[in-house]
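Notes follow the structure.
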Amino acid sequence: MQHGRSASISAGRPCAFKEADRAFLDYSHVVAVRIVETANPTETESLGAELAARLSGGDVVLLRGELGSGKTTLVRGAARALGVEGPVTSPTFSIGHRYRGRDITVSHLDLYRLQGLGEEDPGLLADHIGPDRIAFVEWPESGAGELEQARVHITLSHAGEDRRRVEVREE
């Protein structure tokens, strides 16, 4: 893995980001941004495992990226690190999967096919998000209002062949 720029920002301190990078930052709390380029799916899974070590019950991780950019691959790496042993697959056609890890339930949601949560069962997210779970949500735009508690935001993009550019923003 090639490690890119990384920074932490807290209220009142200047930062070294370009002006365009500042648009999404909230200066009322600490935000850490890390950009990594992975060379292949194995490295993307390893990055997911590394991220999992910093997660705990109640955490919600939002994943954005084009189709095939590695969102499920990253979730698979995190799930393995959290003790999930069975297959970890994309929940595109079922909306969500729950997996039993060592000491926690790992939820994996894919909201790609939803136009929003207004017409869905109110308990849809409640079954997957909670203090005894770590939830990974692909295509979170459909659940924007209900996912405000997300602590980690990840954007994956194609960087040529099997390489991926991964931006991780932790609050």
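The values are calculated or read from the model by the stated rules, or taken from the named source; none is laboratory data. Quick caveat, the model's predicted, so the values are computed rather than measured. Cβ: placed from backbone, ideal geometry, glycine included. Neighbour counts: every protein chain shown.
A few notes on this one:
- One residue stands out among those in region 73-102 that are among the polar types (S, T, N, Q) and at pLDDT below 95: the one that is surrounded by the most Cβ atoms within 10 Å (Cβ to Cβ), which is 90.
- Residue selected from region 55-90 under the condition of a type in the set (Val, Ile, Thr) and either in a helix (DSSP H, G or I) or within 13 Å of the chain's Cα centre (by Cα) (or both), by the criterion nearest to residue 167 (Cα to Cα): 61
- Count of region 122-142 residues which are out of contact with any His (no Cβ under 9 Å at 6 or more places or on another chain), crowded, with 18+ Cβ neighbours inside 10 Å, modelled with pLDDT under 90 and not in a loop (DSSP other than H, G, I, E, B): 1
- The residues in region 103-121 that are at pLDDT below 95 and either of a type in the set (D, E, K, R) or surrounded by fewer than 20 Cβ atoms within 10 Å (Cβ to Cβ) (or both) can be counted, and the count is 12.
- Check on residue 148, closer than 15 Å to residue 169 by Cα, surrounded by fewer than 22 Cβ atoms within 10 Å (Cβ to Cβ) and at pLDDT below 80: yes
- Hits in region 10-59 (condition: among the β-branched types (Val, Ile, Thr), buried (at least 18 other Cβ atoms within 10 Å of the Cβ) and at pLDDT 95 or above): 36, 38, 44
- The single condition among (1) touching a Ser or Thr at 6+ places or on another chain (Cβ under 9 Å); (2) over 20 Å from residue 151 (Cβ atoms); (3) among the hydroxyl-bearing types (Ser, Thr, Tyr) that residue 99 does not meet is (2).
- Listed by first and then second residue, the pairs linking a residue in region 152-171 that is over 15 Å from residue 50 (Cβ atoms) and at pLDDT 95 or above to a residue that is basic (Lys, Arg) and part of a loop (DSSP other than H, G, I, E, B), with Cβ atoms under 8 Å apart and 6 or more places separating them unless they lie on different chains, form an empty list.
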